[in-house]
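Participant: Could you have a look at this structure, given as structure tokens, before my questions?
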Amino acid sequence: MADKREPIPVDPVDIGETTDLDSLAHLAAHGGDGRLFKMEQDYTKQVDEALLKARDLAQKDVLAAVESLNNIEKLTRLGADMKSNTRVVQYMTKLCFEGQKWDLLMETIMTLSKKRLLIKMAIAKMVRDAVAMIDKMPSDDLKMKLIETLRTVTAGKIYVEVERARLTSMVVKKLEAEGKLDEAATMLLELQVETYGSMEMKEKVSYLLEQMRHSLVRNDYVRATIISKKINIKFFNKSDAEDVQDLKLKYYDLMIRIGLHDGNYLDVCRHHREIYETKKIRADPAKAASHLRSAIVYCLLAPHNNEQWDLLNRIAIQRELETVPDYKIILDLFINQELISFKGTIVAQYEKLLRRGTPTSPDTGIFDKSQEGEKRWSDLHLRVGEHNMRMIAKYYTQITFERLAELLDFPVDEMESFVCNLIVSGQIIGAKLHRPSRIVNLRLKKANVEQLDVWASNVHKLTDTLNKVSHLILKEQMVHKNLDLSAAPRA
């Protein structure tokens, strides 16, 4: 008898891996309704014997071996012996798998998950083991059948939510490979992984990025934007691990697509800068220079405001601009307080660089021949015009339509609508177009209160001047009077 009992403690089937959760086995166990039950009896010895008999019986009849464990499974479950019950249910599924009884495996998993007063920890470990069996199934049909069985078992159960998410991901990949993109996206978007407390942050971010990608495949940019706000970007800066950097690059690539769709060039510039600052990109000078060029161009394409101007100047002081000297020159054109000739400077000198690239500076693809590329080229023309208009407003109070159109490199009709848009958007404050006289007034009209303050200040200055003048007159009068009095006795 002693010889038969010795191998039991070292049997890899009988004794599972020791974990922190197993250490709680002799204290309490989870019931199916969420209550905690104190373990009433320790069935370790009975389980050892039952598993040993089942292993021997499984060599002849797997079904009989599994059925022989039903009684001990019930005893351990009703007795709240979590550790013993976990060993039993895990071994029951393992017998089915090793005996290649696939239908029995599915049936056993379904049956065990529907027991009264089931122990959650036992079911969670059984599901975890079954998930590991998926890749070892002999055919794709059996894999999908097991996945669907496990998805049915895990539906609505919080303690196996991570396993359900992984199973859903497997189904989504299969649907995507079959071209059923809409069905795959619908299934993946049903998962609210941001609420899964037991899932690691890295895996959670990976699922959210997949949800963003599938939303963009469906052209659902609103949902993709909402999902992107569930990701805390501080996570990407906590580790320099390569897999975290890959997730960061994937996130910002998706965000660039969203930003380009919304026409938010300033956000696209920020995303390219974040990619540029990634350690993995910095290690590749060609990729780093490409993202730096893209960041410069998108910053120039963004409408002028305080944020854009601040970001433009912060980029301008980066030492890394030495790697892209041509783009540094273009950047300086917009920082210098001088007019830029779109036709004479941008088109004549830099169109080839920006649209087709040069041997030393490859094309960024921003101003390609596509519809989006042509739109961005026209936006660059508008940004140049806006820059010139701000410069003109600093030195002119009035200017004719013809002269303004000449300075802006616009036809007169386009110049008129362009200036109107700038006035409406608030980029040029107080400007007015006088069409009958064909003059643009650029002088800022002051508010009534400001005008009164100026008038009061002028009056105060006038009275001060009068007081000083009167004082000087009285002084002169006193001096001459004293001189007259001093001259009288001499006469």
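The values are calculated or read from the model by the stated rules, or taken from the named source; none is laboratory data. Please read all numbers here as calculations on a predicted model, not as lab measurements. Here the Cβ positions follow ideal geometry from the backbone for every residue, glycine too, while neighbour counts run over all protein chains shown. Calculation scope for accessible area: heavy atoms of the full protein, side chains included, ligands and nucleic acids excluded. Shrake-Rupley method; radii C 1.70, N 1.55, O 1.52, S 1.80 Å.
Participant: What whole-number distance in Å separates the alpha-carbon centres of segment 400-462 and segment 274-338?
Facilitator: Centre-to-centre distance over Cα atoms comes out at 33 Å.
Participant: Set the bar at 32 Å for Cα to Cα. Now go through K74/K230; K136/K204; K53/K143 and name every pair that lies beyond it. Let's see the in-between values first.
Facilitator: Numbers: K74/K230 43 Å; K136/K204 25 Å; K53/K143 30 Å.
Long pairs (Cα-Cα over 32 Å): K74/K230.
Participant: For the chain, with every protein chain kept in place, what is the accessible area per residue (1.4 Å probe, Å²)? Spell out each step's value before the answer.
Facilitator: Numbers: 28080 Å² over 491 residues.
Value for the chain: 57 Å² per residue.
Participant: While we're on this one: Under a 1.4 angstrom probe, counting protein chains only, how are W309, W102 ranked by accessible area, largest first? Could you put the intermediate results ahead of the total?
Facilitator: Numbers: W309 85, W102 45 Å².
These residues rank, largest area first, as W309, W102.
Participant: Then there is this: On a 0 to 90° scale, report how tilted helix 44-58 is relative to the longest principal axis of the chain, with both axes built from alpha carbons and the result rounded to the nearest 10.
Facilitator: Once rounded, the angle reads 80 degrees.
Participant: With every protein chain kept in the model, how would you rank D484, D81, D284 by accessible area, 1.4 Å probe, largest at the top? Before the final figure, lay out the partial values.
Facilitator: On the way: D484 105, D81 0, D284 55 Å².
If we order D484, D81, D284 from most to least accessible, we get D484, D284, D81.
Participant: Ok, one more. Can you give the helix-only mean residue ellipticity at 222 nm for the chain, where every DSSP H stretch with n ≥ 4 adds -39500 (n - 2.57) and the sum goes over all residues, rounded to the nearest 500 deg cm²/dmol?
Facilitator: Working: 23 runs with 311 residues, N = 491.
Taking each H run of at least 4 residues, the total per residue is -20500 deg cm²/dmol.
Participant: Taking the Cβ of I275 as the centre, find all other residues whose Cβ is under 14 Å away and add up their charges (Lys, Arg: +1; Asp, Glu: -1). Kindly include the intermediate steps, with their values, before the conclusion.
Facilitator: On the way: positive: K248, K250, R257, R270, R273, K279, K280, R282, K287, R293; negative: D246, D253, D267, E274, E277, D284, E320.
With Lys, Arg at +1 and Asp, Glu at -1, the net is +3.
Participant: Shifting gears a bit: From the phi of every residue in segment 235-244, what ³J(HN,Hα) in whole Hz does the Karplus formula 6.51 cos²θ - 1.76 cosθ + 1.60 yield, where θ is phi - 60° and glycine or proline is x?
Facilitator: Karplus-based 3J(HN,Hα) across segment 235-244 equals 4, 5, 9, 7, 9, 9, 4, 5, 5, 5 Hz.
Participant: Once Lys and Arg get +1 and Asp and Glu get -1 on their Cβ, which of V127, Q337, Q59 lies farthest toward the positive end of the dipole of the chain?
Facilitator: Farthest along the dipole direction, towards plus: Q337.
Participant: What do you get for the angle between helix 412-425 and the principal long axis of the chain? Use alpha-carbon atoms, 0 to 90 degrees, nearest ten.
Facilitator: The helix 412-425 is inclined about 70 degrees to the chain.
Participant: Hey, another quick one. For segment 269-349, what is the relative contact order in percent, using Cα pairs closer than 8 Å and at least 6 residues apart in sequence?
Facilitator: Working: 51 pairs, mean separation 18.6, N = 81.
Normalised by residue count, the contact order of segment 269-349 is 23 percent.
Participant: Show me, for segment 90-104, the HN-Hα J-couplings you get by feeding each phi into the Karplus relation (A = 6.51, B = -1.76, C = 1.60, θ = phi - 60°), rounded to Hz, glycine and proline as x.
Facilitator: Calculated HN-Hα couplings, in order: 5, 6, 4, 5, 5, 4, 5, 5, 5, x, 6, 9, 5, 5, 5 Hz.
Participant: Have a look at I227, Q245, P325 and report the one farthest towards the positive end of the charge dipole of segment 224-336, computed about the Cα centre with Cβ charges (Lys/Arg +1, Asp/Glu -1).
Facilitator: Farthest towards the positive pole: I227.
Participant: Amide H to amide H, which residues 5 or more places from I340 or on other chains are under 5 Å from it, using H placed in the peptide plane?
Facilitator: N388
Participant: Which Rg and Dmax, in Å, describe the Cα atoms of segment 374-486?
Facilitator: 25.5, 92
Participant: For K468, what accessible area in Å² do you get when you roll a 1.4 Å probe over the heavy atoms of the protein chains, rounding to the nearest 10?
Facilitator: For K468, solvent-accessible area is about 140 Å².
Participant: Now a separate question. Using Cα atoms only, what is the angle between the long axis of helix 448-487 and the major principal axis of the chain, expressed in degrees (0 to 90) to the nearest 10?
Facilitator: It is inclined by approximately 40 degrees.
Participant: Let me ask something additional. Mind checking which of L150, S470, G430 is farthest towards the positive end of the chain's charge dipole, using Cβ charges of +1 (Lys, Arg) and -1 (Asp, Glu) about the Cα centre?
Facilitator: Final value for the positive-end residue is S470.
Participant: Between their Cα atoms, which of K280/K328; K234/K279; K45/K145; K145/K180 are more than 26 Å away from each other?
Facilitator: Working: K280/K328 24 Å; K234/K279 15 Å; K45/K145 36 Å; K145/K180 18 Å.
Beyond 26 Å between Cα atoms: K45/K145.
Participant: How big is D for segment 36-129, in µm² s⁻¹ as a whole number, if Stokes-Einstein is applied with the Kirkwood radius of its Cα pairs at 20 °C and 1.002 mPa s? It would help to have the intermediate numbers written out before the result.
Facilitator: Numbers: Rh = 13.1 Å.
Value of D from the Cα-based Kirkwood radius: 164 µm²/s.
Participant: At a 1.4 Å probe, what is the % contribution of carbon and sulfur to the accessible area of the chain? Could the numbers behind the result be given before it?
Facilitator: On the way: 15090 of 28080 Å².
Carbon-and-sulfur percentage of accessible area, whole number: 54.
Participant: Restricting things to Cα coordinates, could you compute the convex hull volume per residue of segment 298-413 in Å³?
Facilitator: Working: hull volume 13.0 nm³, N = 116.
So the per-residue hull volume is 112 Å³.
Participant: What is the dipole size for the chain, taken about its Cα centre, with +1 at each Lys and Arg Cβ and -1 at each Asp and Glu Cβ, in debye to the nearest 20? All intermediate terms of the calculation are to be shown ahead of the outcome.
Facilitator: On the way: 74 positive and 72 negative charges, 292 e Å.
It comes to approximately 1400 debye.
Participant: I've got another one for you. Please work out which option in [x] 22.4, 67; [y] 23.8, 86; [z] 39.4, 158 gives Rg and Dmax of the Cα atoms in Å calculated from these coordinates, and answer with its label.
Facilitator: Checking each listed value against the structure points to [z].
Participant: Only Cα pairs under 8 Å and at least 6 apart count here; give the relative contact order of the chain as a rounded whole percent. Write down the numbers at each step before the final one.
Facilitator: Details: 471 pairs, mean separation 29.7, N = 491.
Relative CO of the chain lands at 6 percent.
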